[in-house]
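One structure is given below, encoded as structure tokens.
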Amino acid sequence: MTAVTGLALAAAAGAHLSIDPASVHTGDLVDLVFSVPNVGSATGIDHVTLGVPQDFDLDDVEAKSGWTSSRTGQAVTWSGGMIPKGTFARFTIRGRAPAKAETVLFNVLVGDRKGRSITYRVGLDVTATTSEDSGARSLGKAALGLAIAAGVLALGALFLGLYLWLRPPPL
């Protein structure tokens, strides 16, 4: 394989190699899924090594059927499986996002049975968490407010009913 061919394959695969989600919040426990395509190797991709940034706290790696995984520090390698040409496979890790907002880069080395390999850099945007309420928490607070208002109205109706029942008859 010439250097030009290798660069062409790197550009083509890099456009298709992806991470999901592409953005996480600081300090979140997340599952990251790397979609690794085989766009050029006729013999098939048989190993994928994921270099994890130092400030991403790697916890677990996916046990992928047909593949063997090994971990050395911040690197995870899946080997022995096969990604045929024109298909892709997903590889998942779990860990804690960095504590500061930044873009961290994962190195993904993809290799075939002939010893050819290409390394890609995939970015993960880490954004600061906000102090604003959103989603389910806001809905929960709204539901609590409605429940309290309904309770106050029910108590008012109860006291009015008791007053009308216990008051002396009109003369």
(message) Report every pair of residues separated by at least 6 positions or lying on different chains whose Cβ atoms are under 6 Å apart, first residue within segment 19-38 and on the phi > 0 side of the Ramachandran plot and surrounded by 15 or more Cβ atoms within 10 Å (Cβ to Cβ), second hydroxyl-bearing (S, T, Y) and assigned to a strand (DSSP E or B).
(response) none
(request) Kindly check whether there is at least one residue in segment 106-118 that is open to solvent by 70 Å² or more (accessible area, probe 1.4 Å) and either within 17 Å of S23 (Cα to Cα) or within 17 Å of the chain's Cα centre (by Cα) (or both). (result) no
(request) Could you tell me which of the residues G151, G145 is closer than 30 Å to H25 by Cβ and at pLDDT 70 or above? (result) G145
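Count, please, the residues in segment 14-60 that happen to be hydroxyl-bearing (S, T, Y) and under 16 Å from F106 (Cβ atoms). Talk me through it step by step, then tell me what you get.
First, pick out the residues of segment 14-60 that are hydroxyl-bearing (S, T, Y): 18, 23, 26, 35, 41, 43, 49.
Checking the rest, the ones that are also under 16 Å from F106 (Cβ atoms) come to 18, 23, 35, 49.
So the answer is 4.
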(request) Residue by residue through segment 63-99, note down the ones that are surrounded by fewer than 18 Cβ atoms within 10 Å (Cβ to Cβ) and outside any strand (DSSP E or B). (result) A63, K64, S65, G66, G73, Q74, P84, K85, G86, T87, A99
(message) Under 6 Å between Cβ atoms, which residue pairs at least 6 apart in sequence (or on different chains) link something in segment 66-90 that is of a type in the set (G, A, S) with a partner that is surrounded by 12 or more Cβ atoms within 10 Å (Cβ to Cβ) and part of a loop (DSSP other than H, G, I, E, B)?
(response) G80/W67; G81/W67
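The values are calculated or read from the model by the stated rules, or taken from the named source; none is laboratory data. Just so you know, these numbers come straight off a predicted model, no measurement behind them. As a convention, Cβ positions derive from the backbone with ideal geometry for all residues, glycine included, and neighbour counts pool all protein chains shown. Quick note on the areas: whole protein, heavy atoms, side chains included, nothing else; ligands and nucleic acids left out. Shrake-Rupley method; radii C 1.70, N 1.55, O 1.52, S 1.80 Å.
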